[in-house]
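See structure below.
The values are calculated or read from the model by the stated rules, or taken from the named source; none is laboratory data. Computed from a predicted model, the values in this text were never measured in an experiment. Glycine also receives a Cβ, built like all others from the backbone with ideal geometry; neighbour counts cover every protein chain displayed.
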Amino acid sequence: MSDREKAVPASYLILGKDGKILLGLRKNTGYYDGWWTVPSGHVETGELPIGALIRETKEEIGISIYSKDIKLVHTMYRAKHDETGPRSDYFFAVSKWSGDIENMEQQKCVKLEWFPMDNLPEKTVHFVEQGIECYRKGINYSEIQFDKKFINPNIENNIDIERAIPILPPPYIFLGPLLIGIGVNILYPLSIFSINLRWRLSIFVILLAAGGALLYWAVKTLLRFKVDPRFKPVGGVVTGGPFSFTRNPMYVSFTLIYLAVTVAFNALWAVFFLPIIFYTLHYGVILREEKYLEATLGEEFLKYKARVRRWL
């Protein structure tokens, strides 16, 4: 018998006025802090989604809304494979209310602000952005999975954010500049060290051993948690082994191995390529991966990100 997942329901308020939507900037919650989102909250035991929306709206922004003015405009299912379980999200549109809008939870919200619905802030919570965009396009249902992001099988143009696909496989990002640097160094020699060969080989062995051991440890840890190390989307955050002190142990290991080879060849030109490597790796790989993980794993990854450094 297969396990049946119990989805956690939540209600989201799309409060609209003159083509704009009200968003709040989160803080001190441990979940998407520093990101914009709509007033929202979980549906409590014995409560209905509309009742939860009415309650959360009053608690968060101080206004009263009524059932007759509330319209369900989008439903989203988010698959999650951690302790929080999957989510069922209900987005409701409201354009009429009573009372004055006020930030009632200043310990959790920096400020409230109106934004054009077609020009949301860059740091809008990803799945909330999807819900708003679906509402604008008249799409009443969408899904989020790990291997395929922001899916609605009934429409041609699915909403998507930048995928976790690197612009190049990270080993190639290191290998290309390394070979070029060594080649240039043969033609136009620039030495790193003036020390004798024995000392240079000692440094080479230390760096290579450290990089190789870290790479082996990282791959072994990923395989132990049944995660494909070949730059594929994942279903959860790996926090064991070297991932407990660096979010990118494989890239740290590649750097150590790169330095080991440059020392072995005494190739200063290869060292000059390191800033290009780090720039490409940061913007072409790491930020893409992190954006994907924030969107798919949400709070689980954000807590890990706040606890563990990107490098060392």
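So here's what we get for this one:
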| item | result |
| --- | --- |
| Filter result (modelled with pLDDT of 95 or more and either out of contact with any helix residue (DSSP H, G or I) (no Cβ under 7 Å at 6 or more places or on another chain) or outside the structural domain of residue 253 (by the TED database) (or both)) within the stretch 198-211 | 205, 206, 209 |
| Pairs with Cβ under 9 Å, 6+ apart, first in the stretch 49-72 and under 15 Å from residue 12 (Cβ atoms), second in a helix (DSSP H, G or I) and among the basic types (Lys, Arg) | 65/58 |
| Search result, residues across the stretch 118-139 that are within 23 Å of the chain's Cα centre (by Cα) and not in a helix (DSSP H, G or I) | 118, 119, 120, 121, 122, 123, 124, 125 |
| Of all residues making up the stretch 266-296, the number that are part of a helix (DSSP H, G or I), of a type in the set (A, V, I, L, M, F, W, C) and crowded, with 20+ Cβ neighbours inside 10 Å | 7 |
| Residue in the stretch 18-44 that is farthest from residue 85 (Cα to Cα), counting only those that are touching a strand residue (DSSP E or B) at 6+ places or on another chain (Cβ under 7 Å) and of a type in the set (D, E, K, R) | 20 |
| Residue within the stretch 10-20 that is part of a helix (DSSP H, G or I), touching a residue at least 40 places away in the same chain (Cβ under 8 Å) and polar (S, T, N, Q) present | no |
| Cross-chain or 6+ apart pairs with Cβ under 7 Å, the stretch 166-189 first and closer than 19 Å to residue 283 by Cα, then of a type in the set (Phe, Trp, Tyr) and at pLDDT 95 or above | 170/251; 170/254; 171/254; 174/254; 174/258; 177/273 |
| First in the stretch 84-106 and more than 23 Å from residue 19 (Cα to Cα), second anywhere and part of a loop (DSSP other than H, G, I, E, B) and among the aliphatic types (A, V, I, L, M), Cβ under 7 Å, 6 or more apart | 85/7; 86/7; 86/79; 87/7; 88/7 |
| Only one of 237, 252 that is part of a helix (DSSP H, G or I) and in the same structural domain as residue 293 (by the TED database) | 252 |
